[in-house]
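Note sheet for the following structure.
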Amino acid sequence: MISEITLATTNKGKVSEFERAFENFKIKFKAISADIFNCPETASTFLGNAMLKAQMAANITQNYALADDSGLCVKALGEEPGIYSARYFEKGQGLQKILSSLQGSSNRQAYFICALVLVNPQGQVIWQTEQKWNGLISQQIKGDKGFGYDPIFIPEGLNCTVGELEPAIKEEISHRGKAINELKSFLQFINVSS
Ligand code: ITT
């Protein structure tokens, strides 16, 4: 039976999506403090980086730990920024840089990826998933909801950016929403069967 999981992220946007998703759950997620958590993301895949973050958090807290590694992949930019999405964004102008790079391009296809990895207190991976959310890069930055690249991503089947979407709708259909649903099923399964 797992009652508390350390959330191995310092990204406030991710933390609030996890908090909302699990507000009616018995299992509680406790975000790790940014003062003690700074994990170099040296792997070459989303799942690899999520594993590094989860293992470091488990090592610090001696608890179960869940990490999220995610990013935006733009087809016309050779799937970049991909695993470098955070660094690309932090350097500022991240949104504008993508719009400028796509100026005049007829291919605006893109997708978000969310990899989640759950480890036990010994750092062994006990569950993982990787989920995708397809869409297009908008012509302009629009909306102030969500976080990160949300104001330039138009999900497939919609005609507004995620920055203009209500968070509850994003959380139902997004890459992270899908990954969290898989996680909920796993946690219900192990807590019922333990
Ligand atoms: P942690 O490593 O502490 O979790 P981080 O922000 O560095 O925080 P990542 O390394 O996974 O997280 O980088 C993810 C990047 O992709 C980051 O710039 C986010 O803003 C962006 N991103 C991820 N999910 C997103 C979403 O749902 N909407 C918009 N941008 C997102």
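Bear in mind these aren't lab numbers, they're just calculated from the coordinates by the rules spelled out. The structure presented is a predicted model; accordingly, all values stated were derived computationally and were not measured. Ideal geometry is used to build each Cβ from the backbone, glycine not excepted, and the neighbour counts take in all protein chains shown.
Go ahead and estimate [θ] at 222 nm for the chain from helices alone: -39,500 (n - 2.57) per DSSP H run with n ≥ 4, summed, over the residue count, rounded to 500. Numbers along the way, then the final one.
Numbers: 6 runs with 66 residues, N = 194.
So the calculated ellipticity at 222 nm is -10500 deg cm²/dmol.
Using a 10 angstrom cutoff on alpha carbons, build the Gaussian network for the chain and name the most mobile of 40, 167, 81.
Most flexible of the set in this elastic network: 40.
Step through the residues of segment 128-143 one at a time and calculate ³J(HN,Hα) from phi using the Karplus curve (6.51 cos²θ - 1.76 cosθ + 1.60, θ = phi - 60°), rounding each to whole Hz and writing x for Gly and Pro.
Listing the rounded values in order: 7, 8, 9, 10, 10, 9, 7, x, 10, 7, 6, 7, 9, 6, 9, x Hz.
Give the distance, in whole Å, between the Cα centre of segment 18-74 and the Cα centre of segment 123-140.
Their Cα centres are 14 Å away from one another.
Treating the angle as unsigned and between 0 and 90°, give the value, to the nearest 10°, between the Cα long axis of helix 46-61 and the longest Cα principal axis of the chain.
The angle comes out near 40 degrees.
In what order do 178, 170 fall by count of nearby beta-carbon atoms within 10 Å, going from fewest to most?
Ranked by crowding around the Cβ, least crowded first: 178, 170.
For residue 185 and residue 105 in the same chain, what is the full-extension length gain: residue separation times 0.36 nm, less their Cα-Cα distance, in nm? Before the final figure, lay out each step's value.
Working: separation 80, 0.36 × 80 = 28.80 nm, distance 4.06 nm.
The residue 185-residue 105 span can extend by a further 24.7 nm.
Roughly what angle does helix 175-193 make with the longest principal axis of the chain, taking Cα atoms, 0 to 90 degrees, to the nearest 10?
10 degrees
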